[in-house]
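Undergrad: Let me begin by handing over the structure; questions about it come next.
Nothing in this text is a laboratory measurement; each read-out follows from the coordinates by a stated rule. Keep in mind that this is a model prediction, so the values were computed, not measured. Please note: Cβ atoms are built from the backbone with ideal geometry, for glycine as well, and neighbour counts cover all protein chains shown.
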């Protein structure tokens, strides 16, 4: 008899736990995880300037993993996307979504993510990021285009951890929020005012640093117009 009572009570307890783990958003009337916002992370080129005569970029893509946000109150990171995800960049200034997930409603000061070089045992979703198991056969960032009319495919062999501070503390507390990250593609193949030949292996370290440093701004952008919200 006791066993029968337990078997009847346990489903009720489990149902109650599920209900308590979800909350009804006051403004939208939808059920979401309690204390969480549905956060979209987008990425955008911060210029619509045409490529210069020497370098024309036709495609850029990356493996992105571990998208996190740092909380102001305790400095801890809240994971948004695990990945790795294949991100094919829009080069015309339009927004490109990295992904949408729930995140704890809080004040955040930084966004962090990795340009991810696959492990030797890893099979990336896009086979172009891995042509073999050797260190020179696995890539985090691929850029295609022409240099002085000659086609090139630049493949970065470096992983890069990016930490981008918001210009101000961003409050993520609505039913839906968006954070936009800006990059500048015109910096990738530049050394000061000089162009860098993507086909020259001696330029790899400079280009890899340029790619990392081209991600410089991030802000809340709920209307997705590529500008910080007021």
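Undergrad: For 94, 136, 121, what's the fewest-to-most ordering of other Cβ within 10 Å of each Cβ? Could you put the intermediate results ahead of the total?
TA: Values: 94 12, 136 9, 121 6.
Fewest-to-most ranking of 94, 136, 121: 121, 136, 94.
Undergrad: Arrange 122, 170 by Cβ neighbour counts within 10 Å, fewest through most, would you?
TA: Values: 122 14, 170 23.
Ordered from fewest to most neighbouring Cβ atoms within 10 Å, 122, 170 come out as 122, 170.
Undergrad: Could you tell me the distance between the Cα centroids of the stretch 57-93 and the stretch 119-170, to the nearest Å?
TA: Centre-to-centre distance over Cα atoms comes out at 13 Å.
Undergrad: Provide the packing ranking of 214-221, 96-103, i.e. peptides ordered by the mean count of other C-beta atoms within 10 Å per residue, highest first.
TA: On the way: 214-221: 19.5, 96-103: 16.8.
In decreasing order of mean packing, 214-221, 96-103 become 214-221, 96-103.
Undergrad: In the calculated pair distance distribution of the stretch 35-220, what percentage of Cα-Cα distances lie above 20 Å? Don't skip to the answer; put the middle values down first.
TA: Values: 9471 of 17205 pairs.
That tail contains 55 percent of the Cα-Cα pairs.
Undergrad: Also, quick follow-up: Can you give the extra length, in nm with one decimal, that the chain gains between residue 136 and residue 195 once fully stretched, where that is 0.36 nm per residue apart less the Cα-Cα distance? It would help to have the intermediate numbers written out before the result.
TA: Values: separation 59, 0.36 × 59 = 21.24 nm, distance 2.42 nm.
In short, 18.8 nm is gained.
Undergrad: Less than 15 Å from a label point 7 Å out along the Cα-to-Cβ axis of residue 169: which backbone N atoms in the stretch 54-83 qualify, by residue?
TA: 70-76
Undergrad: Something else now. How many nm is it between the label spots at residue 227 and residue 85, if each spot is 7 Å from the Cα in line with the beta carbon?
TA: 2.6 nm
Undergrad: Using the 10 angstrom Cβ neighbour count as an exposure proxy, how do 194, 156, 140 rank, fewest first? Can you show the working numbers first?
TA: Details: 194 8, 156 20, 140 24.
Ascending Cβ contact count within 10 Å gives the list 194, 156, 140.
Undergrad: Next question, about the same structure. Can you give me the distance in nm between label points at residue 77 and residue 109, each placed 7 Å from the Cα along the Cα-to-Cβ direction?
TA: For the pair residue 77/residue 109, the computed spacing is 1.6 nm.
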